[in-house]
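The values are calculated or read from the model by the stated rules, or taken from the named source; none is laboratory data. Bear in mind that the values here come from a model prediction, so they are computed numbers and not experimental data. For neighbour counting, all protein chains shown are included, and Cβ atoms are generated from backbone atoms with ideal geometry for every residue, glycine included. Accessible surface areas use protein heavy atoms only, side chains included; no ligands, DNA or RNA. Shrake-Rupley method; radii C 1.70, N 1.55, O 1.52, S 1.80 Å.
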Amino acid sequence: MTSETTAEPAGSAEQSDQTSPGGRTPEQGARKAVRIVAALAVLAWLAIGGIGGPLVGRLSEVQSNNNANFLPPSSESARVSTVVQQATDTKTLPYLIVIERTDGLTTSDLAAISSFVKGIPTLPLPEDKSRTVGEFLQAPPSAAIPSQDKQAVLVPVSFLADKAQDTVGGKSALYEVAQALRGAGAAQLGPAGMAVHVTGPGGFFADFVIAFSGIDGILLLVALGVVFVILLIVYRSPILPFAVLITAVFGLSLAVLVIFPLAKNGSIDLSGQSQGILSILVVGAATDYSLLLVARYKEELHEHESTWEAMKTAWRAAVEPIAASAATVIIGLLCLRLSELGSTKGLGPVGAFGIAGAFVASLTFLPAVLLLIGRRIFWPQVPRVDHAVNDGVTQKGVWGRVARMVGAHPRRTWVATFVLLAACAAFVPTFQAKGVTQSALFLTSVDSVTGQEVLAKHFPAGSGSPVQIVAPQAQAQQVVRVLGTVDGVRDPVIGTTPGQPPKVVDGQVVIQATLVAAADSVEAEDTIDTLRTTLDQVSPDVLVGGSTASNLDVREASDHDLKVIVPTILGVIFVVLALLLRSLGAPLLLVAANVLSFGATIGVSAIVFNHIFKFPGSDPSTPLYGFVFLVALGIDYSIFLMTRVREESRVRGTRPGILVGLAVTGGVITSAGVVLASTFSALAVLPILFLAQIAFIVAFGVLLDTLVVRSLLVPALSYDLGDRIWWPFGIPRAGAHEKAAVRLTQEPHNATEPTTGEEPSKVHQPRISDDRPPSEEASEPDEVSEVTR
């Protein structure tokens, strides 16, 4: 059995005989020191996990999911909201209780409804019976408003917006009040045959709380479970997958230790979407980094008797591509700080802290565990010291065949893949990202959506979410007259409370009106757009706001973000790649290839969303989120490939180096891509349209990038270009001693018996490419034989 003691340095026999006063050799002392440091590192991470782990489950306490909170103060709807809050003294978030009997409400029904409404303030909360609904309301609800068809009534209930972040029994007060209203309505009015629904902004946010309740546990468990199964298949070891998964969990714990206090203090905005993406991002990134390190470590274990020497060599080889990958993603995410939306802006640092946690855990905790357990962590396939150098190209595996195909037909390969990707990208214009109604945001049936449908059937669809207009007091009547001429608007009134004189704030008053279309619909947003254009002719000081205007401002801000952030991220990625690869040609090729891959992904997504899933559309921010994750994360695999290609090219030449780099990294990079795609697919367990679409876009895009772009397009085009990919600096060739070292590892140890039917003289190992300039490089068949013969 192979010993795991530290190997003696060559030529130091005398030193090995020296012992310390305690009877230990210097090598034994070094081995003990390494184990002590590794054990301390593991203990430090256990402490981080113990503190940060519980905070992962409490992130929902510091969430904010209100569009109005995410808009910049300079937006028109935010400015209106400020004036409205001053005019009403308190800011509210209304629930709309809709009570319906399709065959008409009777006199006894109306009496029961009146009794129900009067008792709303005294309703106990489900999680704490000692607390009531009334302590969260601005005022007791007024009488119910009957519909014209006498089949429904509407009861507005004003929740104090300042208490939206309060918790009751560990759950959101907003959710608890909604559940109390629904439970009491079903218990008191349901037996009489009336249907009770709680909708409006308060009802929708309560249902979002329910939808995102799986983030704290279910989502993370699903992601970890999927990754565990994949790692079992990749490693064929029951031990190693646990080490990788614990690395991911500790990376998440470290990130949350920073994110939780920042979100609690309001320094960053944490939405439910950002929280879900954080878990997936950390698990996927930590697993990818771990796969790369472990693959290199296992490779070195075939060369080194000492696990410490193997880890030192592997760590040094892996740290550059892993660091470059993490830096690219972190900087790309931080570019989201340029966004006008607080939710998108908040995802930047949230995601960046997550990637940083994954990076640190993968390069500290995981190496420590690998050193403490030793080779046994790969059981039952324990790597032995056999000096088996694998260039990949000469092997019979899939990636050896792919490399040989790329080398034999490079131009045919990259042209075919380019045409395929371009054809998919041609469908990008059909991707619908103009926004969807709030009712379409849920993929399952929820009470707020049902209530909105009932409300639209019996009342003006915009009831309960009025358009709010701020105008100079002297021009208020003129604004009311203009509102009467605009289609889609009805019942304008000056002031926030009917029958009471309006409150004047800095010479301005609030005018409210009801939209005919549903407040969360695209039609209502078009009406707001028309109103703003029309009222600008009255006075540029007239501002249009309300919940519909907030949604419109979010869409316009998303369009701005796409135009600003996308080119910024591309520029940042190009700079990082140029510094890493020390060239301008290769970065240009990689960035262009990843942009094409993103276009193809969006094109395929458009086809799937429109014609297979039949989604009503997409959130305006979906393309931006997809771009950030696909380009920033997708470039990782090109980084992993091209850093190995550069390493191999120094001793073999560019074209043989490309083939060897492709062959030896194919397995680990494909495994990493499958892991990342699977983790993002876990987002689909949450019944939210936006997250389901992001799950598909990222999962499909990562697989496309891994299996097509990184495996075929990039290596084939690079092979066709040859040394020109290192333009303008070229690539320094390895010295004679490095080439000799490679020959020594290839020839003596890899010599094999000839296969049946072959002459011994015809069995060759891959040899090092000589240092011919590009003009003297061999033709394609000769270049392939350079590696394969």
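Points worth noting:
- Subset tally (residues that are open to solvent by less than 10 Å² (accessible area, probe 1.4 Å) and either small (G, A, S) or in contact with a strand residue (DSSP E or B) (Cβ under 6 Å, 6 or more places away or on another chain) (or both)) for segment 564-598: 4
- Pairs linking a residue in segment 520-541 that is within 22 Å of G507 (Cα to Cα) and of a type in the set (A, V, I, L, M) to a residue that is in a helix (DSSP H, G or I) and open to solvent by less than 80 Å² (accessible area, probe 1.4 Å), with Cβ atoms under 7 Å and 6 or more positions apart or on different chains, are L535/V479; L535/V482; V538/Q475; V538/Q478; V538/V479; V538/V482.
- Exactly one residue out of L641, L707, L683, L676 is surrounded by fewer than 23 Cβ atoms within 10 Å (Cβ to Cβ) and not acidic (D, E), and it is L707.
- Top-ranked residue in segment 51-60 [being open to solvent by 50 Å² or more (accessible area, probe 1.4 Å) and either among the β-branched types (V, I, T) or free of Cβ contacts under 8 Å to residues at least 60 places away in the same chain (or both); ranked as farthest from F365 (Cα to Cα)]: P54
- Those residues of segment 120-140 which are open to solvent by less than 20 Å² (accessible area, probe 1.4 Å) and of a type outside the set (A, V, I, L, M), in sequence order: F136
- Considering residues of segment 527-538 that are assigned to a helix (DSSP H, G or I) and open to solvent by 10 Å² or more (accessible area, probe 1.4 Å) only, the residue nearest to A461 (Cα to Cα): T527
- Segment 456-501: number of residues that are in a helix (DSSP H, G or I), open to solvent by 40 Å² or more (accessible area, probe 1.4 Å) and within 24 Å of K91 (Cβ to Cβ): 1
- Among the conditions (1) touching a strand residue (DSSP E or B) at 6+ places or on another chain (Cβ under 6 Å); (2) within 23 Å of F208 (Cα to Cα); (3) modelled with pLDDT under 90, the only one that V84 does not satisfy is (2).
- In the set S362, S325, only one residue is under 27 Å from I569 (Cα atoms), modelled with pLDDT of 90 or more and hydroxyl-bearing (S, T, Y); that residue is S362.
- Long-range neighbours under 9 Å by Cβ, at least six apart or interchain, first residue in a helix (DSSP H, G or I) within segment 678-698, second surrounded by 22 or more Cβ atoms within 10 Å (Cβ to Cβ) and of a type in the set (D, E): L689/D619; F690/D619; Q693/D619
- Residue ID - nearest to V227 (Cα to Cα), chosen from residues in segment 254-277 that are of a type outside the set (A, V, I, L, M) and within 17 Å of the chain's Cα centre (by Cα): G276
- Criterion violated by V153 - all others in (1) at positive phi; (2) open to solvent by less than 60 Å² (accessible area, probe 1.4 Å); (3) not small (G, A, S) satisfied: (1)
- Among the criteria (1) assigned to a helix (DSSP H, G or I); (2) at pLDDT below 85, the one S74 does not fulfil is (1).
- Any pair with Cβ under 6 angstrom, 6 or more apart, that starts in segment 606-633 at a residue that is under 22 Å from A356 (Cβ atoms) and open to solvent by 10 Å² or more (accessible area, probe 1.4 Å) and ends at one that is at pLDDT 85 or above and small (G, A, S): L630/G701
- Only one entry of D541, D561 meets the criterion of being open to solvent by 50 Å² or more (accessible area, probe 1.4 Å) and either within 18 Å of L334 (Cα to Cα) or not in a helix (DSSP H, G or I) (or both), and that entry is D541.
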